[in-house]
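Notes follow the structure.
The values are calculated or read from the model by the stated rules, or taken from the named source; none is laboratory data. Small disclaimer: the values here were computed from a predicted structure and weren't measured. Every residue, glycine as well, gets a Cβ built from its backbone with ideal geometry; the counts of neighbours run over all protein chains shown.
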Amino acid sequence: MAEVLDVEKREQMGSSATRRLRRDGRVPAVLYGHGEGNEHLSIPAAQVKTLLRHRSKTVELAGAVKETALVSIVQWDPLGIEVLHLDLIRVNLKELVQVTVAVHRHGDAAGLRQGGLLIDNTHEVEIECSAGQIPEGLVLNVTDLALGGHMTAADLELPEGVSLVTPVDTVIARIEQPKGVAEEEPTDQAGEPEVISKGGDKSGEEG
Amino acid sequence: MALMPKRVKHRKSQRGRIKGSATRGNTVVFGDYGIQSLEPGWVKATTIEAGRIAAQQYVRGEGKLYIRIFPDKSVSSTPLETRMGKGKGEPDFWAAVVKPGTILYELGGVTEQQAKVCFARLASKLPVKVRFVERRYA
């Protein structure tokens, strides 16, 4: 079920107008694709937060523009607190799209009972499916994962109509032996790094 | 042993200024949870090591800790009771330059509650204000 966003058209562009817009609790967005012109839009920030919380990919635009769109790019502020801008791509719910989805682990790995540590190598994978059937995430059943073993993208449970774009030999999760806490690397007590000189390989003095 | 570069082009560096926020290294990449700086500052190599020990003593092999900063700036100092002049002092310590938004450490393989407690212990060692962050999924 696609989220419904109440969009308004943006008449004024530029950083000042956009800043005013954000201050009023709206997020600027742009809609493009399907060979049609760009539409500069704004969306209520509360609806954007809901959209991100639900991890929705396709949205239904209502209000000034009535279209179905795919959330393509989400721009965040440097601290990752506020959404600055959204890129929306016009999409038909039956057309095939490539999107990135999260991988969810399921089950308790056998290797954990042997004292291993479960490490996620890849947290997201790219898939191809119809825009109307984008799953929230893919499930990786790690129940049989033993100590020293790993699971690849080929082990992911793919829903019907979903194909994997990420190479199937990509390691998703592995179980490794935990390293000792008191493990210390050999120390170089000289305390001075090697200085790269202009002429030769190395030198003790700065040139 | 505290972190420091193996090879450098110059032994001494200028102080520099920390302007703006981090535009790189500001998202959780390796683990599930992270600790993010909210202030600019220098984090000494010894402080990074103290934080690592504080965190690893808490997780005790249950989780994996990732250090996302590296002390690549040498900070020099002049010894006490030295007369003015005679050039720049000798390198004293190594520091990582941290901007607001930089992810300092990450943790994987632990629950959110464990990560919060672990990072609270770690945060008390750090010279900058930090906040707890989670991985942001696409």
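Among the numbered conditions (1) among the hydrophobic types (A, V, I, L, M, F, W, C); (2) at pLDDT 95 or above; (3) over 29 Å from A:GLY115 (Cα atoms), the only one that B:LEU104 does not meet is (3).
Determine, yes or no, whether A:ILE175 is within 30 Å of B:ARG52 (Cβ to Cβ), surrounded by 13 or more Cβ atoms within 10 Å (Cβ to Cβ) and not assigned by TED's automatic domain parsing to the domain that holds A:HIS54. For A:ILE175, the condition - within 30 Å of B:ARG52 (Cβ to Cβ), surrounded by 13 or more Cβ atoms within 10 Å (Cβ to Cβ) and not assigned by TED's automatic domain parsing to the domain that holds A:HIS54 - is met.
Screening A:ILE119, A:ILE73 for residues that are over 24 Å from B:LEU65 (Cβ atoms) and in contact with a strand residue (DSSP E or B) (Cβ under 7 Å, 6 or more places away or on another chain) leaves exactly one candidate, A:ILE73. Candidates A:ALA62, A:ALA102, A:ALA131, A:ALA146: the one that is free of Cβ contacts under 8 Å to residues at least 40 places away in the same chain and either surrounded by 15 or more Cβ atoms within 10 Å (Cβ to Cβ) or more than 11 Å from every other protein chain (Cβ to nearest Cβ) (or both) is A:ALA146. The condition of being among the β-branched types (Val, Ile, Thr) and over 11 Å from the mean Cα position of the chain (by Cα) holds for B:VAL110.
Only a single criterion out of (1) closer than 29 Å to A:GLU194 by Cα; (2) surrounded by 13 or more Cβ atoms within 10 Å (Cβ to Cβ); (3) in contact with a strand residue (DSSP E or B) (Cβ under 7 Å, 6 or more places away or on another chain) is not satisfied by B:ALA55, namely (1). Of the set (1) part of a loop (DSSP other than H, G, I, E, B); (2) closer than 15 Å to B:ALA54 by Cβ; (3) without any contact (Cβ under 8 Å) to a residue 40 or more places away in the chain, all apply to B:PRO127 but (3).
Residues in segment A:1-20 that are farther than 24 Å from A:HIS54 by Cα, of a type in the set (A, V, I, L, M) and outside any loop (DSSP other than H, G, I, E, B): A:ALA17 only. Restricting segment B:28-49 to residues that are in a loop (DSSP other than H, G, I, E, B) and either surrounded by fewer than 18 Cβ atoms within 10 Å (Cβ to Cβ) or of a type in the set (A, V, I, L, M) (or both), the residue that is farthest from the other protein chains (Cβ to nearest Cβ) is B:GLU39.
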